[in-house]
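Enquirer: Before we start, here is the structure in question, set down as structure tokens.
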Amino acid sequence: MCCDLKRRFLLLYATQKGQAKAIAEEIWQQAGAHGLEADMHCISEMDKYNLETEKDPVVIVISTTGTGDPPDTARKLVKKIQDTTLPPDHFAHLQYGLLGLGDSEYTFFCNGGKTVDRRLQELGAQHFYNTGLADDSVGLELVVDPWIDGLWLALEEALLLQKEKEGMSSDAVSSSLNAAPHIGHELNSSSEVQNLKLEDERVRSSDVLTQKLVDIHLVASTRDTEPSLVHSVPPVSQSALNIPALPPEYIEVQFQDAHGENPRLSSLISEGTTFEVPVTKAVQLTREDAIKTALLLELDIADTVFDYQPGDAFCVICPNNVNEVEELLHILGLSEKGEYFVCVKVKQGTKKKGAAHPQHIPERSTLKFILTWCLEIRAIPKKAFLRALVECTSDAGEKRRLQELCSRQGASDYTRFIRDSNVCLLDLLQAFPSCKPSLNLLIEYLPKLQARSYSVSSSNLYQPGKLWFVFNIVEFPACPTRRVSRKGVCTGWLAELVAPLLHPNKNTLGTKGGSSSTIKIPIFAHPNNTFHLPADPSVPFMMVGPGTGISPFIGFLQHRQKLREEHTDWEFGETWLFFGCRHQDRDYLFKQLRCFLENGTLTHLKVCFSRDSSSAEVAPPKYVQDVIRLYAKEVARVLLKERGYFYVCGDKKHMADGVSDAVVDILSMEMEADKLEAMKILAMLREAKRYLQDVWS
């Protein structure tokens, strides 16, 4: 291969939480071993690249956020390419390959990537490699790994064609192509994905490439016939392993004295203005014997400029569990240095491309502050993190098992024992006691501790200066991969924080304590652009919200009641609410819904209880989707004849999908159309923002 041949490609990534960036960095790292130069940039850095004049192949890795939006870092580019005045051959010179990241638990799967892909095609750009769509609900690596494997041959072909177009001799490039791994790069079926393999011995022998060969054989104990987090069985235990390359370290940590102040929490948030607001009321909505514990909290926002509409969301800035932070410090051997200030810098001479100080880590703060407020210590470790942990592990057996878990051969074990089991760093360090990672490694690999989003459950018109929200306390029971039970990071913290309000000893909720006893939490706005009441109050709407999914609809009904009181001359459309829970006497969250029914704010209330027994001859429906089917004509009338709205809030997999299936069946039956036609109608309703979802997985 001639050294003077141009072997560059442009590598762009758009990330919301860091996954797309990490994958782009993996591509950049592998490119060198393939004799290629990846010119990598965040897609927002539009001053560093120019798609209008780009002649080399372009590789794009892009995630999806919200309800199908491109990441914040891609908004500027998306707005630019969606300019309707651009001619259809605007990007006719551009050849690209795109890898989209998403989660099929949500309706608009990989829509960030699809939006960019579709628009580039409309403007004349050409694929040099098939688009890959990776699904976080089953494991991004199932598509990402083979997509990257096939990328190199596709790039070689694209570069060869580019040189031919430029009129250069392609002999040298052809010889390079002949030596390249012969990989089919059509990602159209799971069997093809699994059959993708690298065959190039030059690639295998490289010490910086993903295909580093490890061949350590450990004989499994005859009594251990089942795999576990710490133990493997054949064929994995007897396989030569393909493990990721070890990424270069890039963070340097220096301990300083214990004097100074930690930064304000607001400095950690770039999304908007942060407010520290008092919790004025806490109510447990479920009985003690309910399967889940639901709490309602009331916040006092009267002294702030925080504003919201019913249907909006907001974010709570929460810390990691204090006991888990202490345990992590103990395992790291840093218990005595928790209150020491640390200075975090980029390591001089690091080989990591684009190494930069992590934005979520303060320049100077205490070690305990970083572990408490900055790093998601509960994050499920990525394979690259496991690969780095291998180097920190002294026991040969533990080392081998970590290698297996980050290898191609151990992919199913990784999914089963780490991803699906919600294993975190603490679980790993307990399971592999000889693993002693450095602090800089944690800062490099643990993602930012994200603020948690909650739906507003009130109306500022109905109760000015107050904000309600409802949540279940998330529980993670102990299991073979997790020695102790845990509560959700934010819900567990909130529950502990408001315990004095839930169980007051001598004081009542109305008793004012001193300022030192005031419970405050930091929040910031996270408005929902679509999940709002119809602008025209005469339009009818239906709400489906089982369990805590009812939360935004309490705000809807409060708002509607106040509007009815203030505007007696207005015409108001009918309102429907479908609510469900397990037991009527244990977790019927808002029995005061009857008040809305009695005063006319709510026209129809339909409830169901999935775990209550019934002595009726015909068993009542158990789930909201079953109840909806009983009112098929009314659903069709509201959606089709009266152009009403349909809102769904709650669990995606076990409820929202069932509700949309029920609506499709209703549309098909009432329109006397086939199911495909009904699905198209539902898609049109979504597009018109008349079928709206606020769901979680």
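Enquirer: 5 Å is the cut-off here: which amide hydrogens, built 1.01 Å from N in the peptide plane, fall below it relative to Lys466, excluding neighbours closer than 5 in sequence?
Expert: Distant-sequence amide H within range of Lys466: Ile301.
Enquirer: When the Karplus curve 6.51 cos²θ - 1.76 cosθ + 1.60 is applied with θ = phi - 60°, which whole-Hz ³J(HN,Hα) does each residue of the range 655-664 get, with x for Gly and Pro?
Expert: Whole-Hz 3J(HN,Hα) from phi for the range 655-664: 10, 4, 5, x, 5, 5, 4, 5, 5, 4.
Enquirer: On to the next question. Could you derive backbone 3J(HN,Hα) for the range 389-399 from the dihedral phi with the Karplus parameters 6.51, -1.76 and 1.60 (θ = phi - 60°), listing whole Hz in sequence and x where the residue is Gly or Pro?
Expert: Running phi through 6.51 cos²θ - 1.76 cosθ + 1.60 with θ = phi - 60° gives 5, 3, 6, 9, 10, 8, 6, 4, x, 5, 4 Hz.
Enquirer: What pairs from Lys48/Lys448; Lys17/Lys347; Lys17/Lys448 go past 19 Å between their alpha carbons?
Expert: Exceeds cut-off: Lys48/Lys448; Lys17/Lys347.
Enquirer: So, taking all protein chains as they sit and a 1.4 Å probe, how much accessible area belongs to Glu566, in Å² rounded to tens?
Expert: 100 Å²
Enquirer: Considering the Cα trace of the range 7-162, what is its radius of gyration and what is Dmax, both in angstroms?
Expert: Rg and Dmax of the range 7-162, Cα atoms, are 14.5, 42 Å.
Enquirer: Here is a follow-up. Two decimals, Cα atoms only, Kirkwood Rh: what is Rg/Rh over the range 341-443?
Expert: Here Rg/Rh amounts to 0.99.
Enquirer: Hey, if we sort Arg686, Arg483 by accessible area with the 1.4 Å probe, largest down, what's the order?
Expert: Result of the area sort, largest leading: Arg483, Arg686.
Enquirer: May I pose another question? Give me the accessible area per residue for the range 541-695, probe 1.4 Å, as a whole number in Å².
Expert: Dividing the accessible area of the range 541-695 by its residue count gives 48 Å².
Enquirer: Between rounded, prolate and oblate, where does the range 251-445 land on the alpha carbon gyration tensor, with a ≥ b ≥ c its root eigenvalues, rounded for a/c under 1.5, else prolate if a/b exceeds b/c?
Expert: It comes out oblate by the Cα gyration axes.
Enquirer: What net charge is computed for the residues neighbouring Ala384, neighbours being all others with C-beta under 11 Å from the C-beta of Ala384, Lys and Arg scored +1, Asp and Glu -1?
Expert: So the surrounding residues net to -1.
Enquirer: Hey, what's the Cα Rg ratio for the chain versus the globular rule of thumb, 2.2 N^0.38 Å?
Expert: Taking N as the residue count of the chain, the ratio is 1.05.
Enquirer: Show that you can apply the helix-only estimate: for the chain, add -39,500 (n - 2.57) for every DSSP H stretch of four or more residues, divide by all residues, and state [θ] at 222 nm to the nearest 500.
Expert: Rounded to the nearest 500, the figure is -8500 deg cm²/dmol.
Enquirer: Next question. Can you work out ³J(HN,Hα) from phi for every residue in the range 683-697, in order, using Karplus 6.51 cos²θ - 1.76 cosθ + 1.60 and θ = phi - 60°, giving whole Hz and x for Gly and Pro?
Expert: For the range 683-697, the Karplus curve yields 4, 5, 5, 4, 4, 7, 6, 10, 10, 10, 10, 10, 10, 9, 9 Hz.
Enquirer: Sort largest first and round to whole Å: the equivalent ellipsoid semi-axes of the range 519-619, each the square root of five times a Cα gyration tensor eigenvalue.
Expert: Working from the Cα gyration tensor, I get semi-axes of 27, 21, 13 Å.
Enquirer: Within the set of other residues whose C-beta is less than 13 Å from the C-beta of Ala683, count the net charge using Lys and Arg as +1 and Asp and Glu as -1.
Expert: It works out to a net charge of +3.
Enquirer: Separation of the range 352-373 and the range 260-303 by C-alpha centroid, Å?
Expert: What the calculation gives is 25 Å, centre to centre.
Enquirer: So how exposed is Lys436, as accessible area in Å² (1.4 Å probe, rounded to 10)?
Expert: 120 Å²
Enquirer: Using only alpha-carbon positions, what ratio does the radius of gyration of the range 309-372 give when scaled by 2.2 N^0.38 Å?
Expert: Relative to the 2.2 N^0.38 Å estimate, the range 309-372 comes out at 1.51.
Enquirer: At q = 0.08, 0.18 Å⁻¹, what log₁₀ I(q)/I(0) does a Debye calculation on the Cα points of the range 541-695 give, no solvent, two decimals?
Expert: Results for the range 541-695 at q = 0.08, 0.18 Å⁻¹ read -0.23, -1.13.
The values are calculated or read from the model by the stated rules, or taken from the named source; none is laboratory data. Given the structure is predicted, the values throughout are model-derived calculations rather than measurements. FYI the Cβ positions are ideal-geometry reconstructions off the backbone, even for glycines, and counts take in every protein chain you see. Areas reflect the complete protein model, heavy atoms only, side chains present, ligands, DNA and RNA absent. Shrake-Rupley method; radii C 1.70, N 1.55, O 1.52, S 1.80 Å.
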